[in-house]
1. Restricting to Cα pairs below 8 Å that are 6+ residues apart, what does the relative contact order work out to for region 55-128? Please round to a whole percent.
2. Could you derive backbone 3J(HN,Hα) for region 119-134 from the dihedral phi with the Karplus parameters 6.51, -1.76 and 1.60 (θ = phi - 60°), listing whole Hz in sequence and x where the residue is Gly or Pro?
3. Could you tally the net charge around Thr174, taking each other residue with its Cβ under 11 Å from the Cβ of Thr174, Lys/Arg +1 and Asp/Glu -1?
4. Where nothing but the Cβ of Lys and Arg (+1) and of Asp and Glu (-1) is charged, how large is the charge dipole of region 95-152 around its Cα centre, in debye to the nearest 20?
5. Which parts of region 222-257 would a label at Lys177 reach, counting a residue when its backbone N lies under 19 Å from a point 7 Å out along Cα-to-Cβ?
6. Along the charge dipole of the chain, pointing to its positive end and built from +1/-1 on Cβ of Lys, Arg, Asp and Glu, which listed residue (Val123, Met47, Ile27) has its Cα farthest out?
7. Which far-off residues, 5 or more places away or on another chain, put their amide H under 5 Å from the one on Lys93, with H placed in the peptide plane?
8. So what is the relative contact order for region 54-199, in percent, with contacts set as C-alpha pairs under 8 Å and at least six apart?
Amino acid sequence: MPTAEIPSTAKSVICDIDGVILHNNQIVPGADQFIHRLLERDVPLLMLTNYPSQTPKDLQNRFASVGINIPEHHFFTSAMATAEFLKRQDGHKAFVIGEGALMHELYKAGFTMTDINPDFVVVGETRNFNWNMIHMAARFVVDGARFIATNPDTHGPDMSPACGALCAPIERITGKKPFYVGKPSAWIIRAALNQMETHSDCTLIIGDNLKTDILAGFQAGLETVLVLSGVSKTADIEQVPFKPNHIFPSVTDIDLI
C-alpha cells in the first residue's frame with residue numbers, strides 16, 4: 001500500500017458515493033471527516049453516482065442523515081449526465097423508462113416525454129418495470145429511436161435490478177445495444193468536469209469499483225484512487241489490464257498534499 005499522503009498534482013476531486021462514503025445508508029467510518037476536510041480546504045469536489053433515481057437534493061438529504069453536511073451543487077448523477085448528453089443530439093422527444101429524478105432532468109433539458117414516435121428510448125431505473133415497457137421500447141428502437149441508458153450497472157448492493165438489467169430484454173429483442181452514459185463511459189466524467197469547470201489533468205477520481213470508477217477515470221485521463229471499502233478487492237487488481245494510481249483501505253486513509 002502507498003503512504004497515506006498522495007503527492008498529487010490534482011486540484012479537484014470526483015468521488016463515488018456507494019462503497020466509498022456510504023454503505024446503503026450507513027457511513028463508511030471516517031468518511032465524514034474526509035469530506036469535511038476537503039470542504040474546509042476549498043478543494044473542488046463533486047460526488048458522482050451512476051444511480052439515476054435521486055436528485056442532488058435527495059442525495060444532500062441522504063448525506064445529512066449520517067452527519068455529512070454538503071451543499072447540493074456538489075452532487076452529480078447519471079440522470080444529469082444523460083440530460084447533458086441528449087441536449088447535444090438531434091431530437092427532443094423521449095420515451096422514458098425511469099423515475100422522477102430522470103424525468104426532472106430531461107424536462108429541464110427541454111425534452112418532451114412521449115409514447116408517440118420518440119426520437120430516443122431512455123432507460124434509467126424503476127421498480128415498476130413491466131411487459132408493456134419492454135414491448136413499447138423495443139418497438140420504438142426497431143423503428144429507429146436511439147437507445148440511451150443512464151448506466152450499465154445490472155444490480156444494486158441488495159441485488160435489486162438496475163439499469164443494465166432493465167435494458168437486457170430490449171437488447172435481446174432488438175439486437176441493439178444502448179449507449180450507456182454512466183461509468184465506465186468517459187462521457188459522464190467529461191460532463192462532471194464541465195460541471196466543475198475543471199480539467200482532467202488536474203482532477204483525481206476516488207472509487208471502489210475497478211470496472212466502473214477506475215476504468216472511467218483511466219479512460220478520461222484522470223488520476224485514479226481505488227479504495228477497498230466496497231466492490232473491488234486487492235485480488236481483483238491483477239484481473240484487469242489497467243491499474244489505479246493509488247490504493248487505500250478506505251477514504252479515511254487518504255490525505256491529499
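The values are calculated or read from the model by the stated rules, or taken from the named source; none is laboratory data. Bear in mind that the values here come from a model prediction, so they are computed numbers and not experimental data. For neighbour counting, all protein chains shown are included, and Cβ atoms are generated from backbone atoms with ideal geometry for every residue, glycine included. Heads up: the accessible areas ignore ligands, DNA and RNA and are worked out on the full protein's heavy atoms, side chains in. Shrake-Rupley method; radii C 1.70, N 1.55, O 1.52, S 1.80 Å.
1. On the way: 85 pairs, mean separation 21.8, N = 74.
Averaging sequence separation for qualifying contacts and normalising by length gives 29 percent for region 55-128.
2. Each residue of region 119-134 in turn: 7, 9, 9, 10, 10, x, 9, 7, 7, 10, 4, 8, 4, 5, 4, 4 Hz.
3. Cβ neighbours under 11 Å give a net charge of +2.
4. Numbers: 4 positive and 6 negative charges, 8 e Å.
My answer is approximately 40 debye.
5. Once the point is set 7 Å along Cα→Cβ of Lys177, 240-242 turn out to lie under 19 Å by backbone N, inside region 222-257.
6. Final value for the positive-end residue is Val123.
7. Thr112, Asp119, Phe120
8. Once divided by the residue count of region 54-199, the mean separation gives 20 percent.
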